[in-house]
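Structure first, commentary second.
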Amino acid sequence: MKRRVLLFSAGVFLVMFFTMHMVVDQMAQPDTDNTIHETKNKLVKLNEEIDQLKSSLTKTQNALVPGLDNTNYKSKALVSVDSTGCGFAQSEAGLSADIKMLDIYKIIPFDNPDGGAWKQGWDISVPSGAFDNEILQVFVVPHSHNDPGWIKTFQRYYMDQSKHIISNVVANLIGNPNRKFIWAEISFLSLWWNDASSSQRESFKRLVKNGQLEIVTGGWVMNDEANTNYYAMIDQMIEGHEWVRLNIGIKPRVSWSIDPFGYTPTMAYLLKRMGMDAMLIQRVHYSVKKYLAQKKQLEFMWRQNWDHGTDTDILCHVMPFYSYDIPHTCGPDPAVCCQFDFQRLPGGGIWCPWNIPPQPISPRNVQQRAMMLLEQYRKKSRLYRSNVVLAPLGDDFRYADPQEPVRQFTNYEKLFQYLNSKPELKVKIQFGTLSDYFNALLKTTGKNDDGSPKGYPKLGGDFMTYADRDEHYWSGYYTSRPFYKNLDRVLETKHRAAEIAYSIASRIANQEKIAKFATNQFNLLVKSRRNLGLFQHHDGITGTAKDHVVVDYGNRLVQSVGNMQNVIASAAKLLMLKHKESYSSDEIRFDMDESRASHDSLPEKRLLSISNTRVVVFYNSLAQKRKELVSVHVSIPNVKVLDADGNSIKCQVNLQWKDKNSPRDNKFEVLFPIEVLGLGFSRVTIQKTDGSSDGCKPSKTSIYHHKVKNDLVKGFDVRNADCGKQYITMENQFIVADFDRCTGLLQNIADKSTGIKRTAELRFLQYMTVSSGAYLFLPSGTAKEVLIQKPFFRHISGILRDEIQAFYPNVYHNIQLANTNGIDSRSLHIHNLVDIRDTSNRELIMRISTNIRNTNREYFTDLNGFQMQRRRTLDKIPLQANYYPMPSMAFLQDPKLRMTLHTMQACGVASLKQGEFEVMLDRRLGQDDNRGLGQGVRDNKQTPYHFALLLENLTKKQTMVKSKIPIAYPSLVGHAVSQTVNHPINIMFGTSEVIPHSLLKQYSPLKSGSFPCDLHLVTARTVQGEGDSKPTDETAVVLHRYGYDCGYGMTPLLCSPLGSKIEFKSLWNLGVRNFKETSLTMMHDGNERGGEESIDLTLQPMELYTYKVKFSG
């Protein structure tokens, strides 16, 4: 400790010395302009010296802490930045990278000239004598890319191919220590493990531990990066890493991602915090690859734009050519490289498209063939900064034929033997793993103090939108199969809610010795983890699989949705019962208020039959206290709602309609506000009334473009209304919104804090196409407006919610404004039910046109729900290239105003004109787009969407609107709206046997009932023990501290932001027996602390933190 204090004091002294020196030096300067210029330069240099000093101090300090695992997963906060939310967001970031992707798009001409053999590049030459003074090191890395569902289902692929691939590889590596292989997909490996003999398992483990067989990435799948939410990305990685830990006993250190259709820095950050050292990617826009290759920047340190230092940097390798198959990986000439894919020999079942087949290697031809191959390796090396070459050797589902490993390994061994026996060739070639390559690279380049290779550039930004050739941009899959993208998010929110509820309830169950709860429910959680993880695969959530494979995914998802609802209901019962011994009674049961009949059906609200008092229980899976409007369907209209103390709650009752003319007489919607503590459960009762004034207030319904009787239902005001010039207006304490009286479409919106009305014209349009497919968006011109003439719509107004219900061609459009003083009142909620099954080759969009003046058509989209990225619409690339993924939100802003569109599910978004948003809703396509799927997209379903439109006026000065800054942050209100859209309050009905007095009034495991506003509980996941379905007493608590822009105010949040530190135990009502910091997926543990110790946490904005916690009840 003394030594650390001494070092820190020395550092402070040096900082003060440098600062004083600079000030004294500047006092002597007479030339003001030169003085300012020199001062800036000295400040830059001073900051660099301070950063280096802090880095050295931190490293020394870490080395002195007993038991600390000195891995790269920890956030070290080396740069001094205000760690408060406001200060962090106001500190300019994203400018320190050498390669700024936003700027590169301005530079690249996107002209695509023919480059010869390397069509998308140029004719690479190798100067004579280039290798006179250094040895070229080549690592040939055998691999097999296994899709967990695409043309076949996951199970079918395993039985037909993956099972045999792993067995063949193990058999060919055993006894041949120079042979290597890498494997990525743990979902397949887990199935093989279950079928393998004990000797096969031992052989596999021995190969892994001696470095012949490497587990790369180690995720359950190789996840998509455009449509996925960071929760699901983390969850599937945890599942994979836990399986590897429990069965193989190793920790993956490098990542291999060759097939996702574009890449985000979110994944790079997650890998870094998992403890990964390096990563590899492949599907990057061909013009970007060429630009980076020309500058020898295909390898770089990938830095987060929000990182004010170097703490998030991770080494990244970009493969340079068209594909990851063998013809495109040995060098720039695919016709030559194809001749070294020895599975294409006669009898292998595949051939070379260039019509020059491989030759078996023999003493007669080895010299000529070896020199051909060496020339390709040498040319490839000219694209990188080191003399180390990576040459992958594989493709989709390769090595399933038992002869392929023999053909590939034996022929390459002959080539290696020849090349390595000729010292004058200055080459060393061998089979290798991905880690072998990166280790050799770092040994060659030398390492900086932070472990990065010397002289390598820093890159900031993402690699969206991907194009593989011509104007073929892969922006269609951002929206393809939107029904299943919606179902994915439904499972995500239910799965997360169930994980948290289970982790809390199981601690109570252990305390009360209710063994039945923990075991039965954990089995369902494990299955859901794997089903959710499987769908994150880059042909799952993307909507790019065969129809029958999509059905298989859908069945898995909907089964897990039902199972997670059961876990939530079971946990609610245990936690809310006053007498826990009653848990075993089957008579007392909670049922979720929604159910699904099949994988392709819409959710249906259960009907609560009101003959006596009925109990309704609510569960808030967010860690912040919430007040929101909830909806319950009841059998009669004359009801009242009482809180747990018997007090009446204001409520509204709405008609439910069978068709245009007929409301239902046995089903009504009851709306009322509910307040639920963070991670909490609360209850109300709904009772029948005699129709007196203490019951729920009926809403009023105005019907346009259709005549109905005014006295349809007793007690409800239903009237006919006429089209006119005046607006229909909705209003609450925050918002005023105007709607066209003839179409029901939104026209204007105003934030009442300023009273300034903003144009917000909502329309539906469609793109025509003859070329788009599941992957590609290739429109035939600009979008055409959907003709809407005198559409039938209703305007429903009440004391708690106003709404428009409109029936347009292919869209049922429902837009709502709540009146609760809660976060749901802060935005307009847009619900679209899309059905384009009667169309062909149409791509339907919703467009919102505003008078926001976003300079240069710049706007922001989120990356995986984790961070925001500035986008700039460019005329030099086609319309489809200006589409980007929107997993959770996008916003337009000018110096006075921000408008955010939040979404419950992933879809494509663009801002083609100033002040405009458009989001793609669905695509029905009659043709294949020639990317291997072999079909169009015609299995469309009725698809629900939930958007929230948030208008915020700037209240404080802020800097992030500057065009040079590549990032921005949502406000705290923006974060809260996003979470509300994505994590609705869970509603459960008690069976008629459940009496209110048998239940607690409310329950929350949080001491204050709420986390700080900027602290999100990503998950509280029970750690798996030995065996597939055995829980331990540890919970993985994953926290995310938001970065947020405080220039937009906080009304009406019920929480406060985090201070500089937080004491972990002070958050919980549960006792903490044990606490351990760990890496994001629990591969690398830090120090363990006992429950009696104080656990102060310093959480940096934007960072994720994982802790293993042993709670007591």
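A few points about this structure:
- Single match in R253, R283, R245, R273 (criterion: in contact (Cβ under 8 Å) with a residue 12 or more places away in the chain and surrounded by fewer than 21 Cβ atoms within 10 Å (Cβ to Cβ)): R245
- A count restricted to the range 127-147 and to residues that are more than 37 Å from the chain's Cα centre (by Cα) and either within 30 Å of Q161 (Cα to Cα) or at pLDDT below 95 (or both) stands at 8.
- Which listed residue is of a type in the set (A, V, I, L, M) and in contact with a Ser or Thr (Cβ under 8 Å, 6 or more places away or on another chain), from L901, L925, L972: L925
- Against the list (1) of a type in the set (A, V, I, L, M, F, W, C); (2) under 32 Å from the mean Cα position of the chain (by Cα); (3) surrounded by 23 or more Cβ atoms within 10 Å (Cβ to Cβ); (4) under 26 Å from A130 (Cβ atoms), the condition W306 fails is (4).
- Being under 27 Å from D835 (Cα atoms) and either of a type outside the set (D, E) or out of contact with any strand residue (DSSP E or B) (no Cβ under 7 Å at 6 or more places or on another chain) (or both) holds for only one residue in K573, K605, K578, K527, and it is K605.
- Residue among K1110, K1065, K1030 that is at pLDDT below 90, more than 30 Å from N953 (Cα to Cα) and either surrounded by fewer than 22 Cβ atoms within 10 Å (Cβ to Cβ) or not assigned by TED's automatic domain parsing to the domain that holds E628 (or both): K1030
- Filtered residues of the range 150-195 (kept if farther than 22 Å from G540 by Cα and either free of Cβ contacts under 8 Å to residues at least 40 places away in the same chain or surrounded by fewer than 19 Cβ atoms within 10 Å (Cβ to Cβ) (or both)): H164, I166, S167, A171, I174, G175, N176, P177, N178, W193, N194, D195
- The combined condition, being among the small types (G, A, S), part of a loop (DSSP other than H, G, I, E, B) and out of contact with any strand residue (DSSP E or B) (no Cβ under 7 Å at 6 or more places or on another chain), is not fulfilled by G562.
- Top-ranked residue in the range 883-897 [being touching a Lys or Arg at 6+ places or on another chain (Cβ under 8 Å) and of a type outside the set (A, V, I, L, M, F, W, C); ranked as modelled with the highest pLDDT]: Y884
- One residue from P970, P966 being crowded, with 22+ Cβ neighbours inside 10 Å and in contact with a Leu (Cβ under 8 Å, 6 or more places away or on another chain): P966
- When the range 977-997 is limited to residues that are of a type in the set (G, A, S) and in the same structural domain as V676 (by TED's automatic domain parsing), the one that is surrounded by the most Cβ atoms within 10 Å (Cβ to Cβ) turns out to be G990.
- Hits in the range 802-854 (condition: farther than 16 Å from V736 by Cα, of a type in the set (A, V, I, L, M) and buried (at least 19 other Cβ atoms within 10 Å of the Cβ)): A806, V811, V834, I836, L844, I845, M846, I848, I852
- Complete set of residues in the range 285-322 that are closer than 21 Å to V254 by Cβ and hydroxyl-bearing (S, T, Y): T310, T312
- Any hit, the range 520-536, residues being of a type outside the set (A, V, I, L, M), surrounded by 23 or more Cβ atoms within 10 Å (Cβ to Cβ) and touching a Gly at 6+ places or on another chain (Cβ under 6 Å): no
Conditions tested, residue by residue: (1) in a helix (DSSP H, G or I); (2) without any contact (Cβ under 8 Å) to a residue 60 or more places away in the chain; (3) under 25 Å from K290 (Cβ atoms); (4) β-branched (V, I, T).
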| site | (1), (2), (3), (4) |
| --- | --- |
| L383 | no, no, yes, no |
| E404 | yes, no, no, no |
| R407 | yes, no, no, no |
| Y418 | yes, yes, no, no |
| E424 | yes, yes, no, no |
| Q430 | no, no, no, no |
| A440 | yes, no, no, no |
| D450 | no, no, no, no |
| E492 | yes, no, no, no |
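- Boolean, R364 is surrounded by fewer than 18 Cβ atoms within 10 Å (Cβ to Cβ), in the same structural domain as V254 (by TED's automatic domain parsing) and part of a loop (DSSP other than H, G, I, E, B): yes
- A search for C-beta distances below 7 Å between a residue of the range 679-694 that is of a type in the set (D, E) and any residue that is part of a strand (DSSP E or B), counting only pairs 6+ apart in sequence or on different chains, returns D694/K640; D694/S648.
- One residue alone among Y502, Y478, Y456 is crowded, with 24+ Cβ neighbours inside 10 Å, part of a loop (DSSP other than H, G, I, E, B) and touching a residue at least 12 places away in the same chain (Cβ under 8 Å), and that residue is Y478.
- Failed item, numbered, when T264 is tested on (1) closer than 23 Å to I877 by Cβ; (2) polar (S, T, N, Q); (3) surrounded by fewer than 24 Cβ atoms within 10 Å (Cβ to Cβ): (3)
- S198 buried (at least 18 other Cβ atoms within 10 Å of the Cβ), more than 22 Å from Y437 (Cβ to Cβ), out of contact with any Asp or Glu (no Cβ under 8 Å at 6 or more places or on another chain) and modelled with pLDDT of 95 or more: no
- The set of residues in the range 497-544 being at pLDDT below 95 and within 27 Å of Y263 (Cβ to Cβ) is empty.
Conditions tested, residue by residue: (1) in a loop (DSSP other than H, G, I, E, B); (2) under 37 Å from the mean Cα position of the chain (by Cα); (3) surrounded by 18 or more Cβ atoms within 10 Å (Cβ to Cβ); (4) of a type in the set (D, E).
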position	(1), (2), (3), (4)
A569	no, yes, yes, no
A572	no, yes, yes, no
E581	no, no, no, yes
D600	yes, yes, no, yes
N612	yes, no, no, no
V617	no, yes, yes, no
V630	no, yes, yes, no
V653	no, no, yes, no
R664	no, no, no, no
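- Residues in the range 998-1025 that are under 29 Å from the mean Cα position of the chain (by Cα) and among the charged types (D, E, K, R) were compared, and the one that is surrounded by the most Cβ atoms within 10 Å (Cβ to Cβ) is R1021.
- Checking each residue in the range 854-868 for being out of contact with any helix residue (DSSP H, G or I) (no Cβ under 8 Å at 6 or more places or on another chain) and not hydroxyl-bearing (S, T, Y) picks out N854, N856, R857, E858, F860, D862, M868.
- Checked against the criteria, D802 does not count as in contact with a Phe, Trp or Tyr (Cβ under 6 Å, 6 or more places away or on another chain) and charged (D, E, K, R).
- Qualifying residue in the range 930-937 (condition: crowded, with 24+ Cβ neighbours inside 10 Å and either in contact with a strand residue (DSSP E or B) (Cβ under 6 Å, 6 or more places away or on another chain) or assigned by TED's automatic domain parsing to the domain that holds N841 (or both)): yes
The values are calculated or read from the model by the stated rules, or taken from the named source; none is laboratory data. Model, not experiment: these values are computed from the prediction. No Cβ is skipped: glycine too gets one built from the backbone with ideal geometry, and neighbour counts run over all protein chains shown.
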